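The structure appears right after this line, and notes come after that.
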Amino acid sequence: MPNIMPNIASVFGGSLYQSESGRSSPVFNPATGEQIAEVALCSKQEVAAAIEAAVAAQADWGETPASERARLMFRLLDLLEKNKEQLALAISREHGKTHEDALGEIARGIEPVVFACGIAHLLKGEHSTNVARRVDTHSLRQPLGVCAGITPFNFPVMVPLWMMANALACGNSFILKPSERDPSASLLLAELTEQAGFPKGVFSVVQGDKEAVDALLEHEDIQAISFVGSTPIAEYVYKTGCAHGKRVQALGGAKNHMVVMADADLEKVCDALIGSAYGAAGERCMAISVAMPVGEAVADALVAKLSARVKQIRIAPATDAKAEMGPLVTKQHREKVLGYIESGIEEGAELVVDGRAFRLAGHEKGYFLGGCLFDRVSPSMRIYREEIFGPVLVVLRTASLEEAVSLINEHELGNGVSVFTRDGGIARNFARRVRIGMVGVNVPIPVPVGFHSFGGWKRSLFGSHGIYGAETVHFYTRLKTVTTRWDERSGESEGAEFNFPKT
Ligand code: NAD
């Protein structure tokens, strides 16, 4: 049988490129379990060719006035809005998330593009006059050169846009290495960037796996790496990139807690927990995966309400307009999540809702898993310590707010957290003391909007810059400070000054 599987290409120097490495990775439709495409994985040499094209394109792009770059960004913004349906279909087909959720991802990905439209203002430097007699100082932010982004499967449009919008607006060329599990959306992004009028080669896509990542991390012409993915790979990317002299921001995994105080509105808490724990089948880095009721009475009431609601979640493929939760991304990932459920049972947690037997008629080979709820989880259990990244919510009962805060602060991951309460004093105190990067008060998924910055603490972020917003403009540029003396007087030498200048 001839291979008629669609072959997903890369984009170098503004043209589609089919890798000749001979290596490829299958792409599946998670709702049916069918293989729908093959992505050709670039070799080290092919990545080097993409970098060479990106270096060539950056020379002129970096000199293009910021206001001209912003105009192209406005066009990209418009094209993203106009093509969001097509993008959403590509996301759902390979990732499995519902259509509405895919549209939500695109909307949040567009925010940093809106921010990048203001790049001319954002790149303005500072100026001080007469810092010494007849001496002025000004600062400017210059592009780094070629930057690369390595992205996870769970947001195939939003996370690339978090990175590329500001990297390009700052005058860099940008190479995206998307997840090999859902690579098609990256090609649509390349197409829209080209249609917007960005010069050929300033935005490239290299499809690949570890070989391509290592090639980017080691190449001397890559100046900065943005990474989003799991914590072990984030740490590896950070250490390897830094060892090769690059600027690196590497965002990792998460275990996000929601503290539920006795005065909270339990109906609202349940809505928030159901949406944030089970939306996108729990495959979100800002999903709430631990509910922490404070006090036994709150815990009993919460678990009773939640168990009824978890069983009612409508699980269906993205083609069903009423779907609330889709399948997991791959068979292997589903097995990994099942392994966590087994370990929770073995370690003595109470599986109050068991979704393992869920089957969807007509989609028996899809990677669906029913929602699961664990009660009486303790801090030493793997299902509490590690990120599960599936539709599994664990309830860890606490006796006091103090106990909840110290457990959260002791956890090695620190992406997001939230507290539900009607007491402003508790909320303020919690937000100040908790050692977590993004905090929600009566907000379950506190993902900052595009003009703030996104980033966790502890082992959820390696590096010192958050992603998008003002932090990103600093990450993607290098500061230069120029001190000038313009002396209209001419005449005799004033002599050499051997001492360090005091002013
Ligand atoms: P992953 O770490 O497996 O993969 C991320 C990227 O790294 C992919 O492009 C992949 O090709 C590459 N990669 C994988 N293994 C590699 C290796 N050994 N060497 C070099 N590169 C490698 O992550 P994933 O499963 O695609 O995504 C889910 C993870 O991403 C979760 O842990 C989730 O919490 C995290 N995530 C974090 C954020 C955040 O903002 N902190 C956002 C989204 C996802």
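Table for the structure above
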| item | result |
| --- | --- |
| Summed residue charge, Cβ within 15 Å of Glu46's Cβ, Lys/Arg positive, Asp/Glu negative | -4 |
| 20 Å Cα-Cα reach of Lys124 towards lysines, excluding residues that sit fewer than 8 places from it in its own chain | Lys480 |
| The chain, relative contact order [Cα under 8 Å, separation at least 6], % | 18 percent |
| Residue order, fewest to most surrounding Cβ atoms within 10 angstrom, among Lys255, Lys336 | Lys336, Lys255 |
| Full-extension gain in nm, Ala308 to Ala361, via 0.36 nm per residue minus C-alpha separation | 16.8 nm |
| Among beta bridges that DSSP assigns inside the range 256-441, antiparallel share in %, nearest 5 | 15 percent |
| Residues with amide H under 5 Å from that of Gly390, placed H, sequence gap 5 or more | none |
| C-alpha center-to-center spacing [the range 15-44, the range 168-235] in angstrom | 16 Å |
| Burial ordering of Arg247, Arg376, fewest other beta-carbon atoms within 10 Å first | Arg376, Arg247 |
| Stretch gain in nm, segment Trp486-Lys336, where the contour uses 0.36 nm per residue and the Cα spacing is subtracted | 47.3 nm |
| Integer Hz, Karplus 6.51/-1.76/1.60 couplings in order for the range 307-318, x for Gly and Pro | 4, 5, 6, 4, 5, 8, 4, 8, 9, 6, x, 4 |
| Square roots of five times the Cα gyration tensor eigenvalues for the range 172-327, Å | 40, 21, 12 |
| Sum of side-chain charges, Gln142 neighbourhood, beta-carbon under 15 Å (Lys, Arg +1; Asp, Glu -1) | +3 |
| Cα lying deepest toward the dipole's positive end in the chain, options His474, Gly253, Asn7, charges on Cβ | His474 |
| The range 209-309, relative contact order [Cα under 8 Å, separation at least 6], % | 23 percent |
| Shape category assigned to the chain from the gyration tensor of Cα positions, a/c cut at 1.5 | oblate |
| Amide proton proximity set for Ser418, modelled H, under 5 Å, gap of 5+ | His257, Met258, Val259, Gly440 |
| Whichever lysines have a C-alpha closer than 27 Å to that of Lys336, once near sequence neighbours (fewer than 8 apart) are set aside | Lys97, Lys177, Lys210, Lys239, Lys255, Lys311, Lys365, Lys458 |
| Relative intensity, log₁₀ I(q)/I(0), of the range 111-263 from a Debye sum that treats every alpha carbon as a point, q = 0.10, 0.11, 0.19 Å⁻¹ | -0.44, -0.51, -1.16 |
| Order of His127, His219, His138 - criterion: other Cβ atoms within 10 Å of each residue's Cβ, fewest first | His127, His138, His219 |
| Inter-label distance for Glu412 and Ser230, nm, one decimal - labels placed 7 Å from Cα along Cα-to-Cβ | 1.3 nm |
| Estimated vicinal HN-Hα couplings, Hz - the range 25-39 in sequence order (Karplus 6.51, -1.76, 1.60; Gly, Pro = x) | 9, x, 10, 10, 8, x, 7, 10, x, 7, 6, 10, 6, 9, 10 |
| Inter-centroid distance (Cα atoms) of the range 102-147 relative to the range 321-366, Å | 45 Å |
| Rough spin-label spacing in nm, given labels placed 7 Å along Cα→Cβ, for Asn442 and Glu63 | 5.6 nm |
| Among beta bridges that DSSP assigns inside the chain, antiparallel share in %, nearest 5 | 45 percent |
| From the C-alpha gyration tensor of the range 256-441, square roots of 5λ in Å | 28, 17, 15 |
| Distance (nanometres) between label positions extended 7 Å along Cα→Cβ at Leu479 and Glu220 | 2.8 nm |
| When the range 286-333 is reduced to its Cα atoms, the Kirkwood hydrodynamic radius in Å | 13.3 Å |
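The numbers here are math on the coordinates, done by the rules we state, and not lab data. None of these values were measured; they are calculated from a predicted model. FYI the Cβ positions are ideal-geometry reconstructions off the backbone, even for glycines, and counts take in every protein chain you see.
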